[in-house]
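The values are calculated or read from the model by the stated rules, or taken from the named source; none is laboratory data. Just so it is clear, the structure is predicted and the values come from calculations on it, not from any experiment. Positions of Cβ are backbone-derived with ideal geometry, glycine not excepted, and every protein chain shown enters the neighbour counts. Ligands, DNA and RNA are stripped out before the accessible areas are found, and what is left, the full protein with its side chains, is counted by its heavy atoms. Shrake-Rupley method; radii C 1.70, N 1.55, O 1.52, S 1.80 Å.
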Amino acid sequence: MPPLNEGGTQRGVQSSPPWVGGGDPDVKWAPFKIDHAASILERALEHLSATGALDEVQTQGLLTAAELGNWDAGQTLAGTTEAAYKHISAVSRDFLTQYAAAIRLLRRTAAHYSGTEEGLAQHIRQIGGGREQPTRAQSPTWANTPSAD
């Protein structure tokens, strides 16, 4: 199985220093890092699927009473192994289903963050009429607003 951490050395989240007034810092997510994490998980899932482990459990995992011995203890053990087989198969299928769902969710999250940032930038341009927003020195404030006198 390939190593799970093939990515860069930077963390996936960057936090600003805590605000002096208390509370939680602003968190900025990097959409390309979220997408990269999804790619790593996807490759691991493809590798796991390529091993045929689940298929092997489903085709070879069930032991019958005839295989364990057609006697009372063998039949009891066959019931136990059948219950275990069904449970392991169901858990394996559910695991793979949820694993794939997590990958899809990461991809949607990355797209959401990218789309939101792009949409906000476009909205700001529309509000400003395509003009650059004034810098702080140009923004009117009480101190630099001309007097009406």
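Qualifying chymotrypsin sites (Phe, Trp or Tyr not before Pro) in segment 29-76, where qualification requires a DSSP coil assignment and no more than 16 other C-beta atoms within 10 Å, comprise Trp71. The 1.4 Å probe gives accessible areas that order Ile88, Ile34, largest first, as Ile88, Ile34.
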